[in-house]
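Here the structure comes first, spelled out in structure tokens, and everything after it is commentary.
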Amino acid sequence: MERIEQVQNLNKILLAELPEYRSQAAQFPNEETAQRRLLRSLMNVRPPMPLSPDFLALQDQILSAEREEKGVVEVDTLPVTASHPQIAIWQGDITRLKVDAIVNAANSALLGCFCPCHGCIDNAIHSQAGLQLREECHQLMTTQGHEEPTGRAKLTKGYNLPARYVLHTVGPIVRGRVAEQDRSELASCYHSCLELAAAHGLSGVAFCCISTGEFHFPNREAAEIAVKTVTDFLRRGTSIQKVIFNVFKDIDAQIYRDLLGAN
């Protein structure tokens with residue numbers, strides 16, 4: 001079966017579940033790029049509900065093929081920084097990293113981004129992992145019975161990601177000037193993720209730039225907090241052997257290089 005046929009079959013399954021989107025779906029051209037965008041959009045808006053084995057088998061086949069086409073990055077090959085033998089900086093798509101766990105900057109509902117094809121990291125991670133990730137998050141939140149507090153962390157499987165696990169954390173939302181509580185909560189995000197990873201015996205964690213995007217934490221101050229929290233934690237004897245600061249924007253890449261003495 002060709003890729004476009006696989007995508008179209010998944011779209012049919014999702015539109016049978018979500019008939020309210022049929023008129024919008026009909027506006028997408030019948031070619032692979034447009035149909036793939038439609039698939040991501042439908043996956044983004046689909047609420048948690050049982051997943052059929054047929055859907056999962058076909059979804060996983062597509063996502064695993066796309067994962068290999070994008071190229072998997074082995075974190076063991078990433079050079080460490082001059083100032084710390086356990087820290088590396090990597091600029092690029094975090095969903096390409098093969099590491100024990102990547103960190104997702106989540107919202108308090110912890111179900112992923114429901115905005116079709118949104119550019120946030122929450123959307124990117126859920127879109128590459130597959131719908132199983134939203135379902136597992138839903139089960140965690142149902143058990144918890146309330147929204148995820150800022151500064152905590154939850155661990156889920158990585159599904160179709162190269163990473164074995166995803167660490168979900170809710171960063172502080174900055175409104176106006178940065179408050180001391182914002183700083184404390186951001187440090188707690190990094191510390192909680194590392195504590196949870198160590199509790200599960202994980203050896204490698206890749207952090208995104210928590211709270212610096214949609215949540216408006218100033219980039220440099222956020223990086224300073226991240227570096228201090230991580231370096232303080234690594235002084236302890238835990239299972240964590242390597243931490244990667246994954247950056248996407250050039251401004252963040254330069255900030256982390258400045259702070260860590262990287263070329």
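The values are calculated or read from the model by the stated rules, or taken from the named source; none is laboratory data. Because the structure is predicted, anything quoted here is derived from the model rather than measured. Methodologically, a virtual Cβ is constructed for each residue, glycine included, from the backbone with ideal geometry; neighbour enumeration extends over all protein chains shown. Calculation scope for accessible area: heavy atoms of the full protein, side chains included, ligands and nucleic acids excluded. Shrake-Rupley method; radii C 1.70, N 1.55, O 1.52, S 1.80 Å.
On the basis of being of a type outside the set (Val, Ile, Thr), within 19 Å of Leu110 (Cα to Cα) and open to solvent by less than 10 Å² (accessible area, probe 1.4 Å), does Gly204 make the cut?
When the stated conditions are applied, Gly204 does not pass them.
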On the given criteria, is Thr212 under 15 Å from Ala187 (Cα atoms), in a loop (DSSP other than H, G, I, E, B) and of a type in the set (Val, Ile, Thr)? yes
Do we have Thr231 as open to solvent by less than 40 Å² (accessible area, probe 1.4 Å), more than 17 Å from His84 (Cα to Cα) and of a type in the set (S, T, N, Q) here? no
Within region 171-193, can one find any residue that is closer than 24 Å to Glu68 by Cβ and either crowded, with 21+ Cβ neighbours inside 10 Å or among the polar types (S, T, N, Q) (or both)? no
Give just the number: which of (1) open to solvent by 10 Å² or more (accessible area, probe 1.4 Å); (2) part of a loop (DSSP other than H, G, I, E, B) does Glu221 not satisfy? (2)
Any residue that is within 15 Å of the chain's Cα centre (by Cα) and of a type in the set (Ser, Thr, Tyr) - is there at least one of those in region 189-197? yes
In region 80-100, what residues are closer than 15 Å to Tyr165 by Cα and in contact with a Gly (Cβ under 7 Å, 6 or more places away or on another chain)? Arg96, Val99, Asp100
Can you find even one residue in region 220-233 that is under 24 Å from His118 (Cα atoms) and in contact (Cβ under 8 Å) with a residue 60 or more places away in the chain? no
First in region 50-78 and β-branched (Val, Ile, Thr), second anywhere and open to solvent by 80 Å² or more (accessible area, probe 1.4 Å), Cβ under 7 Å, 6 or more apart: Val72/Lys98; Val73/Lys98; Val75/Lys98
Go through the residues of region 226-239 one by one and say whether even a single one is part of a helix (DSSP H, G or I) and closer than 18 Å to Leu111 by Cα. no
Taking Ala129, is it crowded, with 23+ Cβ neighbours inside 10 Å, within 16 Å of the chain's Cα centre (by Cα) and over 30 Å from Glu17 (Cα atoms)? no
Name the residues in region 191-209 that are under 19 Å from Trp90 (Cα atoms) and assigned to a helix (DSSP H, G or I), would you? Cys193, Leu194
Can you pull out the helices (runs of 4 or more DSSP H) entirely within region 1-111 that have at least 3 residues that are open to solvent by less than 50 Å² (accessible area, probe 1.4 Å) and more than 30 Å from Gln254 (Cβ to Cβ)? 3-17, 32-45, 53-70
